[in-house]
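A short reminder: the numbers here are calculations on the coordinates, not readings from a lab. This structure is a prediction, so every number in the text was calculated from the model and none was measured. When we count neighbours, we look across all protein chains shown, and the Cβ atoms used for this are built from the backbone with ideal geometry, even at glycine.
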Amino acid sequence: MREDGSHKCLKAVLAFCTLFLAGCYGAEPKNSFEESTGPKILAEFTIARGERPIFLPVSFKGKEYLFVLDTGCSHTTFDTSFRHQLGGAKKIGKGLTAGGPVMSELFHAPEAFIGPLDMQNCGEVSCSDFKMVSLVSGEKISGVIGMNFLKRYVIQIDFDEGILSFLKSTEHQNANWGKELAINFHSMGIPQIKGKILSDVTADFFIDTGCNSTGDLAGKLFKEVISKRKAKTSEALAITTAGIIRQRLVRIGDLSIGLFDYQDIIFSEGIFSCLGLSFLSRHIVTFDFPNSKIYLKKGKEFKKVDETDMSGLHLLRVSNKTIVHSVDEGSPAKEAGIRANDAILKIGNKDTTEYNIWELRRLLMSINNHKITMTIKRGDDVNKVSFLLNRKI
């Protein structure tokens, strides 16, 4: 569970997708982009604003489920609870995520829909266990929508207004889409764009909407940043379907993508370099996958400041209760006496049930030296504790 960068949350790396999850969705159409000024709108959804995960409603066998839109995952993936409804596995196949390659059983895509869009077009789906991801997010997560479905669409995400549109592909850019960048596709279908760090070091970045942070730097690049900038690092905890891992974080001086420059942003150390939702949410983004283009337009949050967790707490939402999964050694929360499995009842005078899990994580990275008072329940004992948030990097 990583609370990292201005995303203020964790990264859950799935068996078939890297993923930090939560937010809201809706199926009510919003006319933020007039059909008369651009491509035809095929489907449109309300999504959570900012860098929170992108949830879309998927209809399957008469019921609706939450799936995450994940451009960092090669295949659309269903929770293992659906396995018996997918028929027999057709083969074992190799997939790719920003967290690395994986092998998994592949099934014929079932009859399921995202609004009016038929998911059988993706051909194959895999299965993965989303139980821990659901606990981390406080939402019941039933799957991810991967690139084998997304690749045929133009997808426009207005993070300022909280609107996602699937558009019909055309040969020409709409003049309002912003700055054009070329997309290269990895052999497994994950989109990549080029960028620069440290002013002159070129890197290929996966575009990963399943990652809630600003993104990752591949190990060699991460070490180069530390060496050249003599940069201070910190660590973050990541809960994955494969287990729990720790990742180093670093604040880099500059990043350039196309004509845009970004300052003092936080990356974690990863297998591949990638750009996640916290980066993308600085813009209005248009993915023109059929024409191998991405368009970026500055949004209201373009100049936002990246921060990481300042408390040392890693939280789960279990049956609407906020539970401490673990506490970092030497952190403010640890020194205040908070332990794993404690239940957090209140922050200040406000019940934690009045926050979603992402709001809680945002609060715990809000202001350096800000005092936090919590009401903690351990067994039958209820106590108040206080600590000061402490910026790590």
_From phi via Karplus (6.51, -1.76, 1.60), per-residue ³J(HN,Hα) for the stretch 197-205 in Hz, x at Gly/Pro_ = 10, 6, 6, 9, 9, 7, 9, 9, 10
*Packing-based ranking, highest mean first, of 276-288, 251-263 given that Cβ atoms within 10 Å are counted*: 276-288, 251-263
*Please say if the stretch 142-242 is rounded, prolate or oblate, where rounded means a/c under 1.5 for a ≥ b ≥ c the square roots of the C-alpha gyration tensor eigenvalues, and otherwise the choice is prolate for a/b larger than b/c and oblate otherwise?*
prolate
*Packing-based ranking, highest mean first, of 136-146, 150-160, 315-325 given that Cβ atoms within 10 Å are counted*: 136-146, 150-160, 315-325
*Exceeding the 29 Å Cα-Cα cut-off - candidates Lys230/Lys298; Lys304/Lys371; Lys63/Lys131; Lys151/Lys194*: Lys230/Lys298
*Work out, step by step, the length gained on full extension between Ser386 and Asn184: first 0.36 nm times the residue separation, then minus their alpha carbon distance; give nm to one decimal.*
67.8 nm
*Stretch Glu105-Ser81 to full length: gain in nm at 0.36 nm per residue minus the Cα-Cα span?*
7.2 nm
_If you wrap a convex hull around the alpha carbons of the stretch 313-388, what volume per residue comes out, as a whole number of Å³?_
83
*Using 0.36 nm per residue of separation minus the Cα-Cα distance, give me the extension gain between Val305 and Asp351 in nm, one decimal.*
13.8 nm
*asked:* At 7 Å along Cα-to-Cβ for each site, give me the label-to-label distance between Arg152 and Asn176 in nm.
replied: 2.8
*Describe numerically, in nm with one decimal, the distance between label points set 7 Å from Cα along Cα→Cβ at Lys194 and at Lys321.*
5.4
*asked:* What value in Å³ per residue do you get for the convex hull of the alpha-carbon atoms in the stretch 167-299?
replied: 121
*Angle between the Cα long axis of helix 219-229 and the longest principal axis of the chain, 0 to 90 degrees, nearest 10?*
60
*Go from 0 up to the bin containing the longest alpha carbon distance in the stretch 84-178, width 5 Å each, and give me the % of pairs per bin.*
2, 10, 16, 20, 19, 17, 9, 5, 2, 0
*Report P(r) for the chain: all Cα-Cα distances, bin width 10 Å, range 0 to the bin holding the largest distance, values in whole percent.*
5, 24, 33, 25, 11, 2, 0
_Two-site label geometry, Ile245 and Asn369: point separation in nm, points 7 Å out along Cα→Cβ_ = 3.7
_Translational diffusion coefficient (Stokes-Einstein; Kirkwood radius from C-alpha pairs) of the stretch 153-199 at 20 °C, 1.002 mPa s, in µm²/s_ = 161
